[in-house]
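Bear in mind that the values in this text are calculations on the coordinates, not laboratory data. Since the model is a prediction, treat every value here as computed from it, not as a measurement. With ideal geometry, Cβ positions are generated from the backbone for all residues, glycine too; neighbour counts draw on all protein chains shown.
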């Protein structure tokens, strides 16, 4: 089978298409025929060596969707030909992936495979930041930085679903998109200073970091929260003791993933997919992701699926 292999840290030229042995699932694993793999910022940051040491060679990719082709002897709740999505801990940029059953869940019949792929590290990260960590309530005010991105556009829709007031920052070209997905106040960060435009908020979802996070502390209500998926500036956090600072990299439990996939299948929240690249165009897909100016998610299509998918 074909897989993308990385043999050392570096640029996109380190993404090499190779023929490797088709894996055999362990007792608690299933073998998934990969339809789509998400191209995520974490994927290229790992390849660039920003997340510490790594054993080589390895296959990138976390977010995956596909169909089960084989099951381990201890697997329960899944069978061959089940449509699934979840996390491929040993890499999703491959034609077939062995994945522990605890990292997968069933795809609703009404949900397209490509949309299901965006839930992992996308919709799930937004859910975790807003609700599990941010404890967002109905009618509270939330400011979402990077609101047009792969996590941000889900955060906007989920906050609206909760009944909250949503403020979002994005570039000029994404202002109309923010309004389409339900932002109450759209802020163009290239010409507006959000700290001047926004009153006090209950929650900030920080998907940008740096100066953006630095300017966010002062607009959070006493007792409010700043949840960052980038990291917390602890020195600044200490200057705002009435603000709860949380660095979130957790994934929600499977029951919450099932709720997310249900909301998506019903059309209550929608995935924005900027581009789908064929498997062999992995370097081009990664360059697009690294540009950090995209809207929604970028996917690799590994196997051909039905026209409706």
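Yes or no: residue 163 in contact with a helix residue (DSSP H, G or I) (Cβ under 8 Å, 6 or more places away or on another chain) and free of Cβ contacts under 8 Å to residues at least 60 places away in the same chain? Spell out the reasoning first.
Details: in contact with a helix residue (DSSP H, G or I) (Cβ under 8 Å, 6 or more places away or on another chain): no; free of Cβ contacts under 8 Å to residues at least 60 places away in the same chain: yes.
Here the answer is no, as residue 163 does not meet what is asked.
Take the residues of the range 239-258 that are closer than 17 Å to residue 123 by Cα and in contact (Cβ under 8 Å) with a residue 60 or more places away in the chain: which is surrounded by the fewest Cβ atoms within 10 Å (Cβ to Cβ)?
250
Look through the range 136-158, keep the residues that are under 17 Å from residue 220 (Cα atoms) and touching a residue at least 40 places away in the same chain (Cβ under 8 Å), and return whichever of them is surrounded by the most Cβ atoms within 10 Å (Cβ to Cβ).
Going through the qualifying residues, I end up with 144.
In the range 90-101, is there at least one residue being crowded, with 18+ Cβ neighbours inside 10 Å and at positive phi?
Keep residues of the range 90-101 that are crowded, with 18+ Cβ neighbours inside 10 Å, which gives 91-94, 96-101.
Within this subset, residues satisfying the condition of being at positive phi are 91.
Yes, some residue in the range 90-101 is crowded, with 18+ Cβ neighbours inside 10 Å and at positive phi.
If you check residue 95 against the conditions, is it touching a residue at least 60 places away in the same chain (Cβ under 8 Å), closer than 30 Å to residue 1 by Cα and in contact with a strand residue (DSSP E or B) (Cβ under 9 Å, 6 or more places away or on another chain)?
Against the criterion (touching a residue at least 60 places away in the same chain (Cβ under 8 Å), closer than 30 Å to residue 1 by Cα and in contact with a strand residue (DSSP E or B) (Cβ under 9 Å, 6 or more places away or on another chain)), residue 95 qualifies.
So for the range 123-135 (the condition being on the phi < 0 side of the Ramachandran plot, outside any helix (DSSP H, G or I) and surrounded by fewer than 24 Cβ atoms within 10 Å (Cβ to Cβ)), does at least one residue qualify?
Taking the range 123-135 first, the residues on the phi < 0 side of the Ramachandran plot are 123-134.
From what is left, the residues that are outside any helix (DSSP H, G or I) are 134.
Pick out the ones that are also surrounded by fewer than 24 Cβ atoms within 10 Å (Cβ to Cβ) and you get none.
The answer is no; no qualifying residue exists.
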